Amino acid sequence: MSASITTQAPQNSPRPRDRFWRSLLIAAALEASVGFAFVHLALMVGAKHGPVQPSVMQITMQAPPKPPPPKPVVKRPPPPPPKPVAMPKPLPPPKPVPRPIPKPMPKRVVKPLTPVQVAPTPPPPTPAPSAAVQESAEQLYASEMNAHVQADLSVPAMVQAMNLSGTTYLAVSVAPSGAVLSITVTRSSGAPPIDKAAIKAVRATPLPAFSGKMPDHPVRFDLIVNLTTNSD
């Protein structure tokens with residue numbers, strides 16, 4: 001058994017260049033046929049409706065408006081002539097200034113030098129007292145002040161009528177000159193008339209100035225004032 005192989009020669013296929021020219025010719029033919037159809041259609045429509053007459057537009061030209069008449073020119077009066085300027089009067093010649101006559105120079109009198117008096121040097125300040133000395137002096141001052149206030153205490157008539165008695169505790173601030181600066185009730189007696197009488201007695205009592213052993217600033221003293229109706 002024998003096998004036979006048959007070979008066929010390839011057919012001639014169109015080249016790309018031939019395809020391009022062929023497509024171009026087909027497109028040109030189509031475009032020519034479409035143009036011919038449009039021309040034929042226009043001729044048929046013109047024959048049916050007749051020729052188209054152009055429309056006429058009428059344009060009317062108007063003359064421009066007349067310009068307004070010019071405004072009358074107002075003539076201004078001429079300016080008045082300038083006033084004559086008076087010439088300034090000539091200044092009188094300056095008077096001669098007299099020369100000052102020199103005065104004779106006074107003779108210089110030499111005074112004898114006075115001896116300079118040298119002030120004596122002040123004594124050195126006294127040293128401040130110690131804290132123990134100041135405390136002892138303050139206690140002595142407070143006891144004397146309390147005794148004077150208690151002696152000058154007077155019982156008001158209202159307290160006598162009500163037969164009241166009580167003790168008032170006061171804080172008294174005294175300046176070094178002996179002047180009372182302030183009085184404060186630290187503990188009330190329970191009866192305002194007794195407290196007022198105690199404050200009045202402190203203000204009425206003249207206090208001496210501080211001694212040299214006391215400080216040179218205000219000091220606060222605590223006083224105890226007793227008031228009874230049987231004290232007088």
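None of the figures in this text is laboratory data; all of them are computed from the coordinates on show. Keep in mind that this is a model prediction, so the values were computed, not measured. Reconstructed Cβ throughout: ideal geometry from the backbone, glycine too, with neighbour counts over all protein chains shown.
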(message) Using a 10 Å cut-off around each Cβ, can you sort Tyr141, Tyr169 from fewest to most neighbouring Cβ atoms?
(response) Tyr169, Tyr141
(message) Skipping prolines and chain starts, which residues have an amide H placed within reach, meaning under 5 Å, of the one on Arg187, given they are 5 or more residues away or on another chain?
(response) Tyr169
(request) Return the sequence-ordered ³J(HN,Hα) values of segment 193-210 in whole Hz as given by the Karplus equation 6.51 cos²θ - 1.76 cosθ + 1.60 applied to θ = phi - 60°, using x for Gly and Pro. (result) x, 5, 4, 5, 5, 5, 5, 5, 5, 5, 5, 7, 8, x, 9, x, 6, 5
(request) Could you line up Ser173, Ser189, Ser182 from fewest to most neighbouring Cβ atoms inside 10 Å? (result) Ser182, Ser173, Ser189
(request) List every residue whose amide H lies under 5 Å from the amide H of Leu164, counting only residues 5 or more places away in sequence or on a different chain, with H placed 1.01 Å from N in the peptide plane. (result) none
(message) I'd like the Karplus ³J(HN,Hα) series for segment 171-185: coefficients 6.51, -1.76, 1.60, θ = phi - 60°, whole numbers in Hz, and an x wherever there's a Gly or Pro.
(response) 10, 10, 9, 10, 7, x, 7, x, 7, 7, 8, 7, 9, 10, 7
(message) Let me spell out the model: positive unit charges on the Cβ of Lys and Arg, negative unit charges on the Cβ of Asp and Glu, origin at the Cα centre of segment 108-232. What dipole size does that give, in debye rounded to 20?
(response) 640
(request) Enumerate the calculated ³J(HN,Hα) couplings along segment 133-146 in order (Karplus 6.51 cos²θ - 1.76 cosθ + 1.60, θ = phi - 60°), each rounded to whole Hz, writing x wherever the residue is Gly or Pro. (result) 5, 4, 5, 5, 5, 5, 5, 5, 5, 5, 5, 5, 5, 5
(request) Report, ordered by chain and residue number, the lysines lying within cross-link reach of Lys83, taken as a straight Cα distance under 25 Å and ignoring same-chain residues fewer than 8 apart. (result) Lys75
(request) With an 8 Å cut-off on Cα pairs and a minimum separation of 6 or more residues, tell me the relative contact order of segment 131-227 in percent. (result) 42
